[in-house]
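Visitor: Have a look at this one before I ask anything.
We did not get these values from a lab; they are worked out from the coordinates using the rules stated. Worth saying up front: this structure is predicted, and the values here are computed from it rather than measured. Cβ placement follows ideal geometry from the backbone for every residue including glycine, while neighbour counts extend to all protein chains displayed.
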Amino acid sequence: MTDTQLNFDVIVVGAGPAGLSAAIELKRLGTGSVLVVEREKQAGGIPRHCLHSPYGMREWNRLMFGPAYARRLTQDALDAGVDIRCETTVTALKPNGVIEVSSDTGLQTLTGRAVLLAMGARETSRSARLVGGTKPKGVMNTATLQNFAAFSDHMPFKRLVIVGTEIVSFSALMTCRSHGVKPVAMLEENTRITARFPFALAPKAMCVPLHLETQIAQIHGKREVEAVTVIGPSGSHTLQCDGVIFTGGFRPENALLRSSGFELDSGSLGPKIDQYGRLRELRYYCAGNILRGIETAGWCWNEGRKVAQCIAAGLQGDLPPRTSVDVSAQASASEHVIKFSLPQVISPSAPKAPVAFDKLQLRLSDAYTGNVVIGSSTHRISSKPERRILLPLPQTPAS
């Protein structure tokens, strides 16, 4: 791509697994010019920082570590003829596929016949968790920890507290142990860990105490972290440590969507899409963890491919019109049990149209056993919170 080229068939925002897999699939399907813009210095997304396995089984039937996975995905995109521009930040999304970007060459306005948003998700920060105390060095999220592990010669602490028990929390635990750092505790505010059961065995195997029903209340220290105050079933007590890692609590990277006036879903905090991955705004599609927080790299990779097939069909005029009627899922016991469901909109079907989201993805905010009503259909479910639940899409008429 030359700096003077301003018009593309497809522009992909985000060079993680969803964005890169979509770009590769678009080129495979014969789409003309495909540009990927990425604000980081390198393409590959979060896996670049994850110095552990497993990656790559869904994509290439082999186990890989995160950095190798990111390099393979990036190289596959380049080999397919995808243009990748890193250190390029999208500053605005406008109607009709017009986006504004900023890079070291200045400001530019680019136009795509279609635009795929694949900016991913981010972890909930300390401030959003309302954790009090001082503000010393040594407080960070998992992405920053992984960045230290991948690109620095040293870790900034030796004894830290890990807050959270999602899959990414155990990724942080493994990264710490592989770099000679021993966490003094893992904290989880609920009665069970968020990740599936086998992960609960990891802290014990690594001699790291796991405290359930425990919250971090304050962080202490002047220049560096010295201790934290936690509140658990037996009251409050102090843990001596030299760092705190806030993990998980993922939220879609939606700041750009908000500032550009896009419609967001109050449950997932991501954009509202139909089963083809389309937004209400003309020419815009979404895939990956911008839709919700958070799925695995392999899941996002596959989702990117499927949405790319819908984009290619849309460029050929084979997608039906997008409806504006929302589809909501309701639990018979309490509507508050359902955290979100997607796609939020079901458009008409069409003979030549591929479907990116052929199942309704549902997540719960609390454990629940009972009925879920979607349109005219009733489904029986039993699930713990934050588990992926897949249900049939409501029937839609042909366009």
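Visitor: In nanometres, what is the gap between the two model label sites at MET155 and ARG192, each 7 Å from Cα along Cα-to-Cβ?
Guide: So the label points at MET155 and ARG192 sit 2.9 nm apart.
Visitor: Another question, if that's okay. Using Stokes-Einstein with the Kirkwood hydrodynamic radius over Cα pairs, what translational diffusion coefficient do you get for the chain at 4 °C and a viscosity of 1.567 mPa s, in µm²/s rounded to a whole number?
Guide: 58
Visitor: Also, I was wondering about something else. Once the Cβ-Cβ distance between SER349 and ARG380 is put in as r, and R0 is 25 Å, what FRET efficiency do you end up with, to the nearest 0.05?
Guide: Numbers: r = 26 Å, r/R0 = 1.04.
The pair SER349/ARG380 has a calculated efficiency of 0.45.
Visitor: Helix 66-79 versus the longest principal axis of the chain: what is the Cα-based angle in degrees, 0 to 90, to the nearest 10?
Guide: Computed tilt is about 20 degrees.
Visitor: Would you give the gap between the C-alpha center of the range 358-384 and the C-alpha center of the range 159-212, rounded to a whole Å?
Guide: Result: 29 Å between the Cα centres.
Visitor: What FRET efficiency do you get for THR238 and LEU212 if R0 is 22 Å and r is their Cβ-Cβ distance, rounded to the nearest 0.05?
Guide: It comes to 0.75.
Visitor: Something else: Can you pull out the trypsin sites (Lys or Arg not before Pro) in the range 169-256 that DSSP calls coil and that have at most 13 other Cβ atoms within 10 Å?
Guide: ARG196, LYS222, ARG223
Visitor: Round to the nearest 10 and give me the degree value, 0 to 90, for the angle of helix 142-151's Cα axis relative to the longest principal axis of the chain.
Guide: 90
Visitor: Can you give the Rg to Rh ratio of the range 100-221, both from alpha-carbon atoms, with Rh computed by the Kirkwood formula?
Guide: 1.08
Visitor: Taking 0.36 nm per residue of sequence separation and subtracting the Cα-Cα distance, how much length would be gained by fully extending the chain between LYS359 and LEU282, in nm to one decimal? Mind showing how you got there, number by number?
Guide: Numbers: separation 77, 0.36 × 77 = 27.72 nm, distance 2.36 nm.
Residue separation times 0.36 nm, minus the Cα-Cα distance, leaves 25.4 nm.
Visitor: Okay, moving on. Can you give the FRET efficiency for ARG62 and LYS339, using 1/(1 + (r/R0)^6), R0 = 30 Å, r = Cβ-Cβ distance, to the nearest 0.05? Intermediate results must be reported in sequence, preceding the final value.
Guide: Details: r = 34 Å, r/R0 = 1.13.
With R0 = 30 Å, the Cβ-Cβ based efficiency is 0.30.
Visitor: Where does the range 242-370 land on the Kirkwood hydrodynamic radius, alpha-carbon pairs, in angstrom?
Guide: Hydrodynamic radius (Kirkwood, Cα only) of the range 242-370 equals 15.7 Å.
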